[in-house]
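Every number in this text was worked out from the coordinates using simple rules, so none of it is lab data. Note that the structure is a prediction, hence the values are computed from the model and not measured. Here Cβ is always computed from backbone atoms with ideal geometry, including for glycine, and neighbour counts include all displayed protein chains.
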Amino acid sequence: MTRILVIRLGSFGDFVQSFGPFAAIRAWHPEARITLLTTPPYAELARSSPWFDEVWTEGRPAWIDLPAVLRLARRLRGGRFDRVYDLQTSPRTAKYRWMVGRAVEWSGVAPGCSHPHSNPHRNAMHTLERQREQLEMAGITRFPAPELGWLEGDVGHLGVPDRFALLVPGASPHRPGKRWPAERFAALAAGADLPVVVLGGPAENALAATILAAAPAALDLTGRTSFPDIAALGRRAAWAVGNDTGPTHLVAVTGCPTLALFGAESDPARCAPRGPATQVLRHLPLADLPVEAVKAALAALPARV
């Protein structure tokens, strides 16, 4: 049996944008045993998907933790893989080629690998186009749309109204420039013609509180939703507005009409959420983006397909 290793460590938005490559790899190797090397936050999601036979979560040991590095090296060498698709393509994962074994076929950017992504402009490409080209250079020619019916949570217990919109006010805590101010999300919610549901992790509780102070009919679900729950809410929402962060990416792929807000700290040409009804609004600095501009962009969103 052919043994395939796929490497994708994170972040969550990047993980979502690899759904297409995951599906393509599975379709190209239907009889293979495919293992994903990732990190713990994405293990349950990956195990629920139809793309992997096994999920390993020790993909990012600290280099100073020598026992953990050695355990990973032993496991990678013991996997006896025939081919590796490195979708992380970082300096870290390029080093993993030595752990797997240099004779193993490798798709990525590791020096001397058998199937290099040799486009010198790869880092200027959007993640989806870059990964597709990488797989094409490795010989994959079929790219079926990823089927996401498995990604559906039971949200009946969350108290969500029949008609609602989604707000995603958070983003990476170490990159505050990626966040439209919570006060402006609050003004948007207060002027909306339907209740809003606020998504995010526990760290976004304070942002949700700011929004609810201006829009008491809003529902705070920060820290209360799993990845399947977010997908289910995306399938049901009238529209969504969010910063460049993982839940916005996931909502977008469900078909929810989604407006993604960008500032100077990330480039939508390289990492914007993709979905059948998704648009991007960029403003530098993001903190100065007027609420009225967001409302106008929302009115121009394509309808749900």
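Of all DSSP bridge pairs formed entirely within the chain, close to 0 percent run antiparallel. According to the square roots a ≥ b ≥ c of the eigenvalues of the Cα gyration tensor, what is the shape class of region 156-299, taking rounded for a/c under 1.5, prolate for a/b larger than b/c otherwise, and oblate for the remainder? The shape class here is rounded. State the Kirkwood hydrodynamic radius of region 3-137 in Å, one decimal place, computed from all pairs of distinct Cα atoms. It is 14.9 Å.
Based on alpha-carbon atoms, the Kirkwood radius and the radius of gyration of region 217-305 give Rg/Rh equal to 0.95. Mean residue ellipticity, 222 nm, helices only, the chain: the sum of -39500 (n - 2.57) across DSSP H runs of n ≥ 4, divided by residue count and rounded to 500, is -9500 deg cm²/dmol. The orientation-averaged projection of the convex hull spanning the C-alpha atoms of region 183-226 amounts to 2.7 square nanometres.
Give the range of the longest stretch in the chain that excludes all chymotrypsin sites (Phe, Trp or Tyr not before Pro) found in loop regions by DSSP and having at most 16 other beta-carbon atoms within 10 Å. Could you put the intermediate results ahead of the total?
Working: sites that count: Trp63, Trp150.
Answer from the scan: 151-305.
Calculate the dipole size of the chain relative to its Cα centre from +1 charges on Lys and Arg beta carbons and -1 charges on Asp and Glu beta carbons; express the result in debye to the nearest 20.
Details: 33 positive and 27 negative charges, 205 e Å.
For the chain, the charge dipole is close to 980 debye.
For the pair Ser118 and Arg80, what calculated FRET efficiency results from E = 1/(1 + (r/R0)^6), where r is the Cβ-Cβ distance and R0 = 25 Å, to the nearest 0.05? It would help to have the intermediate numbers written out before the result.
Values: r = 27 Å, r/R0 = 1.08.
FRET efficiency, Arg80 to Ser118: 0.40.
First measure r as the distance between the Cβ atoms of Leu194 and Ala103, then evaluate 1/(1 + (r/R0)^6) with R0 = 41 Å and state the FRET efficiency to the nearest 0.05. It comes out at approximately 0.10.
Put +1 on the Cβ of each Lys and Arg and -1 on the Cβ of each Asp and Glu in region 3-137; which of Met137, Ala124, Gly112 then has its Cα farthest toward the positive end of the dipole? Farthest along the dipole direction, towards plus: Gly112. Projected onto planes of every orientation and averaged, the convex hull of the alpha-carbon atoms in the chain covers 16.0 nm².
Taking Gly79, Gly275, Gly156 in turn, the Gaussian network model of the chain (Cα-Cα springs below 10 Å) assigns the largest fluctuation to Gly156.
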